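The values are calculated or read from the model by the stated rules, or taken from the named source; none is laboratory data. Just so we're clear, the structure is a prediction, and the values are computed from it rather than from any experiment. Positions of Cβ are backbone-derived with ideal geometry, glycine not excepted, and every protein chain shown enters the neighbour counts. These area figures cover heavy atoms from the full protein model, side chains too; ligands, DNA and RNA do not enter into them. Shrake-Rupley method; radii C 1.70, N 1.55, O 1.52, S 1.80 Å.
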Amino acid sequence: MKTSDTNAICKQFIEMVEQRSPGQPEFIQAVSEVAQFLVPFVEENPQYKKANILERIVEADRIIIFRVPWIDDQGNYRVNRGYRVQMNNAIGPYKGGLRFHPSVNLGILKFLAFEQVFKNSLTTLPMGGGKGGSNFDPQGKSDGEVMRFCQSFMTELCRHIGPDLDVPAGDIGVGAREIGYLFGQYKRIRNEFTGVLTGKGLAYGGSLIRPEATGYGVIYFTEEMLKGINTSLKGKTVAISGFGNVSWGVVLKATELGAKVVTISGPDGYIYDKEGISGEKIDYLLEMRASGNNRAEMYREKFPNAEFHKGKRPWEQKVDIAIPSATQNELDEEDARKLVANGVICVAEAANMPSTLDAIKVFLNAKVLFAPGKAANAGGVATSGLEMSQNAIHLNWSREQVDNRLKEIMIGIHTQCSRYGKETDEYINYVKGANIAGFVKVADAMLAEGHV
Ligand code: GLU
């Protein structure tokens, strides 16, 4: 089939999705990224076309929306909105994080749940895709307020989840503290101790390596990409964004493998530390996060040799590798052009959809190694899958066992992406590879399970 024909089919498909999901630009963006590769693939594979898999896969199995009432420390009656998007369970129970952030709305959670379907499939573990959360902002809230909110949220959510049904975890704004409160309330209401959430504390069923897993996985994947062009992380300079859990894991592993991480960022601007972020500076990232102040400038206050660039993004620095690790659409076309002009060789998405569609185009056209989040950051949810396995057999694996499995999984994802993404000139289009490889397993399961 001619490219112009598939382009027209793709356009029509996106228009249909837009019509059904008005006012959800992030969801349309995530679907568009996938559709540009899947539409031609499905045209060439009529079994998927006949079963209308594409139209079925963009429609969530179920979306739960609920009111979350809670009382703040001053005794005020407060209300937030809670969500769980159960996107697709063709290959396993719904699995994906919960995000607590004021920007949360249905469109954002649908984009995240949709991405999760492909990401979870790539891990090779039996996990479907889901995502949830609330527009609740944990910033500036007391522990007591966060606990009461989590309890109220779970009082409703507990009817819709379970260890073989839907297993939430953390995401932005939901870390160990929130998971603890959510788990406690689930256990109390359902009167059962099961692996219904992942990212749990070690004392009550959590897995070693889970906190580091997303960042470690990104770096294992990056090493594989670099190996393909006969180089490694050793001696490379790296720019990352954010300073949360994912960024922390990225810095830890990148530094261990001999790279120099020179930036982190927050909503206030970015830090450039020419000496590199290592040793006690990495530990300080944890303190910054625990302080509840979402300010990158804290780093400069502690380490005055570093520069703080107010209101700017780290992508203007000259580096070998860029790892956006904060949030969606934090790297646009102009940023991508600057990185390419400065000679970047590799970009790995540690956050979910941090690059805009136009930015991705710039990287692919420049033949920069570019790993989409659904491949590069899958180590987090993969290790959640390993936590589920440990809970199911009532055993805990050692650090080394979990880390080795994580590494194997990331190498496996790289192999799958290369298989479907290699172009005639040997350049690997990881976006194409990840989308097709992630799709095939889910689509085959959907074919086998009938029109349900
Ligand atoms: N929120 C993470 C992600 O985007 C982890 C999800 C999980 O562990 O279930 O993949």
Complete set of residues in region 258-268 that are surrounded by fewer than 18 Cβ atoms within 10 Å (Cβ to Cβ) and under 19 Å from residue 294 (Cβ atoms): 267, 268
Residue match in region 253-260 (condition: out of contact with any strand residue (DSSP E or B) (no Cβ under 9 Å at 6 or more places or on another chain), under 30 Å from residue 145 (Cα atoms), of a type outside the set (Gly, Ala, Ser) and assigned to a helix (DSSP H, G or I)): no
Hits in region 342-363 (condition: touching a Lys or Arg at 6+ places or on another chain (Cβ under 9 Å) and hydrophobic (A, V, I, L, M, F, W, C)): 344, 345, 346, 353, 359, 362
Options 404, 396; residue that is of a type in the set (S, T, N, Q), assigned to a helix (DSSP H, G or I) and either free of Cβ contacts under 8 Å to residues at least 60 places away in the same chain or out of contact with any Asp or Glu (no Cβ under 6 Å at 6 or more places or on another chain) (or both): 404
Helices (runs of 4 or more DSSP H) wholly inside region 333-387 containing at least 3 residues that are away from the ligand (no atom under 16 Å from the Cβ): 333-341, 357-365
Cβ pairs under 9 Å, 6+ apart, first in region 356-373 and modelled with pLDDT of 95 or more, second open to solvent by 20 Å² or more (accessible area, probe 1.4 Å) and of a type in the set (Ser, Thr, Tyr): 357/32; 364/427; 367/427; 369/427
One residue from 174, 196 being touching a residue at least 24 places away in the same chain (Cβ under 8 Å), within 15 Å of the ligand (Cβ to nearest atom), under 13 Å from residue 100 (Cβ atoms) and touching a Phe, Trp or Tyr at 6+ places or on another chain (Cβ under 6 Å): 174
Every residue from region 119-145 that is among the polar types (S, T, N, Q) and within 10 Å of the ligand (Cβ to nearest atom): 120, 123
Total residues in region 121-149, condition closer than 20 Å to residue 182 by Cβ and assigned to a helix (DSSP H, G or I): 7
Among (1) open to solvent by 20 Å² or more (accessible area, probe 1.4 Å); (2) in contact (Cβ under 8 Å) with a residue 40 or more places away in the chain, the one test that residue 387 misses: (1)
Residue in region 213-249 that is nearest to the ligand (Cβ to nearest atom), counting only those that are open to solvent by 10 Å² or more (accessible area, probe 1.4 Å), farther than 21 Å from residue 271 by Cβ and not in a loop (DSSP other than H, G, I, E, B): 216
From the options 450, 373, 421, residue that is touching a strand residue (DSSP E or B) at 6+ places or on another chain (Cβ under 8 Å) and either more than 18 Å from residue 214 (Cα to Cα) or small (Gly, Ala, Ser) (or both): 421
Every pair of residues 6+ apart whose Cβ atoms lie under 8 Å, when the first sits in region 409-420 and is free of Cβ contacts under 8 Å to residues at least 40 places away in the same chain while the second is open to solvent by 60 Å² or more (accessible area, probe 1.4 Å): 420/432
Residue in region 372-391 that is more than 25 Å from residue 166 (Cβ to Cβ) and small (Gly, Ala, Ser) present: no
Residue that is touching a helix residue (DSSP H, G or I) at 6+ places or on another chain (Cβ under 8 Å) and more than 23 Å from residue 128 (Cβ to Cβ), where the choices are 200, 187, 227, 141: 141
Long-range neighbours under 6 Å by Cβ, at least six apart or interchain, first residue buried (at least 24 other Cβ atoms within 10 Å of the Cβ) within region 299-325, second part of a loop (DSSP other than H, G, I, E, B) and polar (S, T, N, Q): 314/241; 324/241; 325/241
Residue match in region 339-355 (condition: more than 25 Å from residue 418 (Cα to Cα) and either out of contact with any Asp or Glu (no Cβ under 7 Å at 6 or more places or on another chain) or open to solvent by less than 10 Å² (accessible area, probe 1.4 Å) (or both)): yes
